[in-house]
Structure formats: C-alpha cells, structure tokens
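The values are calculated or read from the model by the stated rules, or taken from the named source; none is laboratory data. As the structure is a prediction and not an experimental result, all values here were calculated from the model. Here Cβ is always computed from backbone atoms with ideal geometry, including for glycine, and neighbour counts include all displayed protein chains.
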Amino acid sequence: MNQDFEVLKNENDDLADAIDDINIVGPGFMLKAAREMRGLSQQQVANKLNFRIGLVEDIEVDKFDCSLPEAFNRGYLKNYAKLVNIAQEDVLKSYEKLALTQNQCADMQSFSKGTEKQAEHNRLMWITYLILAILVTATVVWWLQTPSEQPEPIVASTVETSAGDNNAPEQGNLLNESNANNSSVMPNGELTVSVAEVIKTKTKTNANNNVENLDKAAALAVEQTSSSSALTDAQVDLNNNKAVAEKVLSASIDTVVFTFAGDCWVNIFDATGERIAWGVKESGYIMRISGQAPFSITLGKPELVKIDYNDVPVDMAVYNAGNIAKFSLPLAP
C-alpha cells in the first residue's frame, strides 16, 4: 500500500513538471498586450467588435467555450487580432498550440486521477479483506468456545404406595412390571395404569401362596401328630386361614368396562379420590378400569357409551342425549 502512495506521488510530480515544460504564450496574452499598447479598454474592444464584455475577458485569459463550434472561437480571435493590428496567423497558431497543450494536460490529469482511484480501490480491498478475516476468526472462536448441548437424562417417575415399609420394594417392582405388561394406551396417547388392578393381582397371588403353604403345613401336622385333637386343631386352623384368604380375594375391588360408540370425553375418580381415567376416547375403544367403589364418573356424551359394572350392564337410557352425565357407580337403588 505504501508503494502505491510512492508511485502516485512520483506520477503527480512528473505531471507538474510536464505541465511547466509545455506552458506557452496563449492568444489571449498576445491580444491583451496589443490592446494595452494601443490604449484600448476591454469595453472599447467589446463595443467595436459587438462582443460581450465577458467574451473579451474570457479571450484574454484563454478561456474558450468548448460547446461552440471551432469556427466561432477562431472568428473571435481573427476579429480581435485585426482590431489591435497583429498577425492573425500568429494568433491562430498560438490558439492551436494552446488547445494541444490543454488536451495533453487533460490526458495526463485523467491518467493521474485514474492512478489515484486505483490506489484508493486497492486500499478499500485490503480493508475489506481485513474485516472478513476478523469476522471469520471471531466466528471460529465463538464456535469453539460454545459448549455442545447434551440431552438431559430422562428420569423415570416412580410410583409410591402407602401399603407399608415392608411391602414397598415389592409393590414398586410389581407396579413397574404392571406398567410394562398390563398398561393400556388410550387413543389420545394417555397411559392409564390401574393401581387397583395391580394390587388385586398381587393379592390373589399372595392368597394362593398362603393356601398352598397352609395345605403343606396341615399335611406336615397330620404326619407329625397321631392324636385326633391335634388333627382337629390343624384342620380348624386350615379352614380359618382359607376363609381369610378367600375374604382377601373377595375384597372390594370392582371392575368397570366402557365401550365407546363415538368420540367421548371422560373423567373418572375412584373412592380414594384418585383420578384413574380422563381425556377423549375415540369411537370403538374399549376401556377397562378397576378400583375401589364408588366411582365418580363424568361423560361428555353418555348416549355413545356402554358400561358394564362387575359384568352387569348399566342402564344409560336415563341420561339425556347431548347433555353431560355425572353419576356414581354403583348406581343408587
């Protein structure tokens, strides 16, 4: 960039020297000197030649109107030379040399201006490259310093039960198995897990295990005792334990089956206040829920729903079509 400035400076110096070398005596200087020798003023010349005073002034400073035809300027010079009595040929030759010199100066000045513009263009290009380099460097540094976003770990929600500290681990495992095997996915993407269903299944399994253990204990007691009283006591205990097991099996766990003939919004709570089903159920969907009665049920379109409570159909004709139905199961007598 400094070299460009040096070149431009040298060219300007050469141009100034060239202009000084080609300075000549113009026709205006010759005419003015002749006018003054004859004691004429510019106004007198203008009056005699029918020129404007401004035209006389311009001629004497070698200022010619380039928009006029060349013949006009030559005519002005001839008339002026004739008036002040100097050779017209000398004035015209001076005019031609002056025109040639002015053209050369204009060309040199144009070249000088072009060189100056080129140098300025080069400076702008270097500044542009520098700005682009800074932007690219800043972008790379920002990209390297920005930490990559890691997906947050998905924490599986756990279901807590209030069955007691001793049964908590077992019930938690049972609920997890139930979520994997016995969960029902609703049409709107909602996952419904029946806690009562899980408890009922586990209770049946424990009761069956207790019955088997009691049978084995009774058989062992019969083998180890020979007295009729011991056998009788073992049978009584066995019967009592079986009755307890059967009572557990027949605990108040009720089942309700909903069959939807059209899209219907539902909202269902069991006796414990737990919300066990909600949302819009699509036409043709069959939903089975279990829990502790009574159930609090709200249906958006009861005429589109068929309900079986503990395998017994529920009369839905009592609810008006198009109205929201709110009722409890089992129905009050």
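Please identify the pairs in which a residue from segment 75-101 that is touching a residue at least 40 places away in the same chain (Cβ under 8 Å) and surrounded by fewer than 16 Cβ atoms within 10 Å (Cβ to Cβ) has its Cβ atom under 6 Å from the Cβ atom of a residue that is hydroxyl-bearing (S, T, Y) and not in a helix (DSSP H, G or I), counting only partners at least 6 apart or on another chain.
Hits for this filter: zero, empty list.
Can you give me the number of residues within segment 273-305 that are surrounded by 14 or more Cβ atoms within 10 Å (Cβ to Cβ) and either outside the structural domain of L329 (by TED's automatic domain parsing) or without any contact (Cβ under 8 Å) to a residue 60 or more places away in the chain (or both)?
Residues that pass the stated criteria total 13.
Within segment 312-328, count every residue that is more than 51 Å from the chain's Cα centre (by Cα) and either crowded, with 16+ Cβ neighbours inside 10 Å or at pLDDT below 90 (or both).
Step one: of segment 312-328, the residues more than 51 Å from the chain's Cα centre (by Cα) are 312-318.
Now drop any that are not either crowded, with 16+ Cβ neighbours inside 10 Å or at pLDDT below 90 (or both), which leaves 314-318.
Final tally of qualifying residues: 5.
If the requirement is being in a helix (DSSP H, G or I) and at pLDDT below 90, which of these qualifies: T101, T128? It would help to see each step written out before you state the result.
On the way: T128 fails: at pLDDT below 90.
Result: T101 is the single residue among T101, T128 that is in a helix (DSSP H, G or I) and at pLDDT below 90.
Considering only segment 1-61, give the helices (runs of 4 or more DSSP H) lying wholly within it that have at least 2 residues that are in contact with a Phe, Trp or Tyr (Cβ under 8 Å, 6 or more places away or on another chain), at pLDDT 90 or above and assigned by TED's automatic domain parsing to the domain that holds N73. Steps first, answer last, please.
Values: elements: 2-21, 27-37, 42-49, 53-60.
The qualifying helices (runs of 4 or more DSSP H) are 27-37, 42-49, 53-60.
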